[in-house]
Every structure is written in structure tokens, then in C-alpha cells.
Amino acid sequence: MTINKVYDNFHDALKDIRDHATIMMGGFGGTGGMPRYLILALRDQGAKDLTIVSNTAGIATAMGFGTPPGIKPIDHSVLIENGQVSKVIASFPVSPSPSKPSSFELAYKKGKVDLELVPQGTLAERIRAGGAGIPAFYTPTGVGTLIAKDKETRVFSGREYLLEYALKADFAFIWAQYADTLGNLVYRGTSRNFNAVMATAATVTIAEVNEIVQPGQIDPETIHTPGIYVNRIVKRPNN
């Protein structure tokens, strides 16, 4: 039987996303590695009360950076502005400029969305643990800060550590440069950031890619995410 994970359009690739889903979204500071077309399709699909797990809570739209000239920045902000997000789990949820608050900041101040702030390294490790089947781990990051509030602690070799729990999601939206029809992925540059680890930690991983090739056309030594972790693939429009 031939396995083909390619979907004809973004709408069909995420039509089964329901209200209250938890969705991991790749990307870093700007829109590098951001699955912008999946985000736009989710906006149009309309699922609500979503929990978004990402490094940021959408800052590129406010700042206007991270995309080539002439292309509008697209990130989680469009979902927040559309009233679809009830909670964000992120490391950098605010705009770097106080004079240009992000959509998340405005919604948070109005009590329309909740925040779980997680240090960046801890966020990456919680996601990795989720993908590896590790339920929890101890880390020294955050000890003695607000991050430690109500968290279990233990002392190892005279140093205090926080207990952090793994993160898993119903869906992961990721971006890659190349995919073959089996779902093997290759990222480019900084787009490897959170995309690769998120691909392992979701029940359904959907990859937005620039190019789709046939099995065997990607050197096995260059594959960053094996196809076993990827359920659906959609090609970006050529623009």
C-alpha cells in the first residue's frame, strides 16, 4: 500500500480541529519557521477556546518584522484578534516595544486570554519530554522566582530544582523547507527552532512546506524529522 500524507489544501488538512484543542506552533521571535498558511486556515476554520503552545504569543504582527518586504507578517496574533485563543503557553509573550503592544498583550489586559509563562529552555525541554514519553523532570531554572510558585521542589547535591511537567498537544503546526510524500522533513536555518521538537509531541502533526518531493529524493543523512512523526503535509502556494 502506498502511503501519501499530502493534502490538496490547508482547509482539508485541519478541518477536524475542534474547540478546546491544544496546538503547538513552530517559530521563534519573528515569523521565521512560522506556519503562516496553517494559521490563516485555522482563523478561517474558526475553532475556539484554543490553547496555543509557542515561543511567542504573536509579536511579529505588532512589530512588522520577520517577513520579506511586501509580505504581511502573519503569526498567532490573527487568532487572538479573532477571539479563538483562551490560553497561551509561551516564553516571550509580549512585544519588545512598550509603545507597540501585541494583540496578546491587549487581550491579556482585558482578561480575555490566560498565560502560562515558561522559560525558553524549559519550554523546549517540556515539549521534548512530551515527545519522548517522559512525564516530568527537574530543572534549576526558575528557582527563587515567580516561575516557582506552587511547584514541587527537591534538592539534589545541595541544589534546589523545580518539577516541570511534559507538554503534549492535540495538533502541531510546523514549517519545513522540504518534505517527501512519506512525511520526512528538512528544515532550513533557524526554522529548526521549535518545529522539530514539536513534531514529536502532538497526536497529529501537520507540516506546511515549500516543496514536496518523492521518497528517495531526500538524502537520509539530511532528514531532520522522520516521517513517522508527521501525519499531514500541505504545500505552500508559490508566492
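Tabulated data
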| quantity | calculated |
| --- | --- |
| Subset of region 21-54 [part of a loop (DSSP other than H, G, I, E, B), in contact (Cβ under 8 Å) with a residue 40 or more places away in the chain and touching a Ser or Thr at 6+ places or on another chain (Cβ under 9 Å)] | Ala21, Gly26, Gly27, Phe28, Gly29, Gly30, Thr31, Gly32, Gly33, Met34, Ser54 |
| Residue match in region 137-147 (condition: part of a loop (DSSP other than H, G, I, E, B), surrounded by 20 or more Cβ atoms within 10 Å (Cβ to Cβ), out of contact with any helix residue (DSSP H, G or I) (no Cβ under 7 Å at 6 or more places or on another chain) and aliphatic (A, V, I, L, M)) | no |
| Out of Leu163, Leu167, sole residue that is outside any strand (DSSP E or B) and either at pLDDT 95 or above or in contact with a strand residue (DSSP E or B) (Cβ under 7 Å, 6 or more places away or on another chain) (or both) | Leu167 |
| Residue match in region 194-211 (condition: in a loop (DSSP other than H, G, I, E, B), at pLDDT below 95 and buried (at least 20 other Cβ atoms within 10 Å of the Cβ)) | yes |
| Residue that is farthest from the chain's Cα centre (by Cα), among those in region 175-193 that are of a type in the set (S, T, N, Q) and assigned to a loop (DSSP other than H, G, I, E, B) | Thr181 |
| Top-ranked residue in region 88-118 [being buried (at least 16 other Cβ atoms within 10 Å of the Cβ) and touching a Gly at 6+ places or on another chain (Cβ under 8 Å); ranked as farthest from Thr22 (Cα to Cα)] | Ser102 |
| Members of region 91-111 that are assigned to a loop (DSSP other than H, G, I, E, B) and under 23 Å from Leu167 (Cβ atoms) | Ser91, Pro93, Val94, Ser102 |
| Qualifying positions in region 120-146 - over 20 Å from Met198 (Cα atoms) and of a type in the set (A, V, I, L, M, F, W, C) | Val143, Leu146 |
| Where a residue in region 122-145 is within 21 Å of Gly158 (Cβ to Cβ) and in contact (Cβ under 8 Å) with a residue 12 or more places away in the chain and its partner, wherever it lies, is among the hydrophobic types (A, V, I, L, M, F, W, C) and buried (at least 18 other Cβ atoms within 10 Å of the Cβ), with Cβ under 8 Å and at least six apart | Phe137/Ala129; Phe137/Ala166; Tyr138/Leu162; Thr139/Leu162; Pro140/Leu162; Thr141/Leu162; Gly142/Leu162; Val143/Leu162 |
| Those residues of region 65-85 which are at pLDDT 85 or above and buried (at least 17 other Cβ atoms within 10 Å of the Cβ), in sequence order | Ser77, Val78, Leu79, Ile80, Gln84, Val85 |
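Quick grid of which residues meet (1) at pLDDT below 95; (2) of a type in the set (Asp, Glu):
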position: Phe10; (1), (2): no, no
position: Asp19; (1), (2): no, yes
position: Ile23; (1), (2): no, no
position: Gly58; (1), (2): yes, no
position: Met63; (1), (2): yes, no
position: Val88; (1), (2): no, no
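The values are calculated or read from the model by the stated rules, or taken from the named source; none is laboratory data. Bear in mind that the values here come from a model prediction, so they are computed numbers and not experimental data. Counting neighbours? That spans all protein chains shown, and the Cβs are built from the backbone with ideal geometry, glycine included.
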